[in-house]
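The values are calculated or read from the model by the stated rules, or taken from the named source; none is laboratory data. This one's a predicted model, so the numbers in the text were calculated from it and none came from an experiment. Cβ atoms come from the backbone with ideal geometry, glycine included; neighbour counts cover every protein chain shown. Note: accessible area is taken over every heavy atom of the protein model, side chains too, but ligands, DNA and RNA are not part of it. Shrake-Rupley method; radii C 1.70, N 1.55, O 1.52, S 1.80 Å.
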Amino acid sequence: MVALIAILIFSLSLCADCFAVSVCSSITLKSIDTKTVLPIAITFGIVQSGFMLAGWLFGDLFVGYVEKVAHIIGFLLLLYVGGSMLKEAFEKESEVRNLNGIRNVILGAIATSIDALAVGISLSMSGDSPSDVVGKAVGVLIVTFLSVVVGMFAGHKIGNKFGKIAEGIGGVVLIAIGLNILLL
């Protein structure tokens, strides 16, 4: 039981950015249903847990490179998605993009999963066993999936209520998350 609680806490901490991005990005969606949300949530979950596993598998090879550029990559990806939202907030009729297109879904998933790659590297360096890492990866997959589902439905409700203002705030929040990644 203690191990499951530890995996849950680990997974929650790792998917916080995914939740924030899903809330902010779904503000712009005109309609939302499970057919829209499920593929996005699955993509985020797979990328998040996949990056963590890749970091663990190739920890020794990645450690020097990831430490040097991970923050820059994460910042640039979130700057792009957040900047797009901010730009659209000031346009009269904007094309809804954000998490409504495969390119932005993948960019958002990668931007929020670079820290998972770094965590995977640290798990490799600390000597976590394959069974420990697989258990954590399954936890990350499930918790990330659920957080994106909840975040998208919550963001959609916020967007319906506050419209362009919420879209602008969402863009600013994504850029702030990117700056946080860059500066830490």
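Overview of values
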item: Long-range neighbours under 6 Å by Cβ, at least six apart or interchain, first residue in contact (Cβ under 8 Å) with a residue 60 or more places away in the chain within region 100-113, second of a type in the set (Lys, Arg); result: Asn104/Arg97
item: Residue count, region 116-133 (criterion: buried (at least 24 other Cβ atoms within 10 Å of the Cβ) and not aliphatic (A, V, I, L, M)); result: 1
item: Options Val81, Val63; residue that is open to solvent by less than 80 Å² (accessible area, probe 1.4 Å), assigned to a helix (DSSP H, G or I), over 17 Å from Cys18 (Cα atoms) and modelled with pLDDT under 75; result: Val63
item: Lone unmet requirement of (1) of a type outside the set (S, T, N, Q); (2) touching a helix residue (DSSP H, G or I) at 6+ places or on another chain (Cβ under 8 Å); (3) open to solvent by less than 70 Å² (accessible area, probe 1.4 Å); (4) modelled with pLDDT of 80 or more for Ile165; result: (3)
item: One residue from Ser11, Ser31, Ser22 being open to solvent by 70 Å² or more (accessible area, probe 1.4 Å) and either among the polar types (S, T, N, Q) or within 13 Å of Leu146 (Cβ to Cβ) (or both); result: Ser31
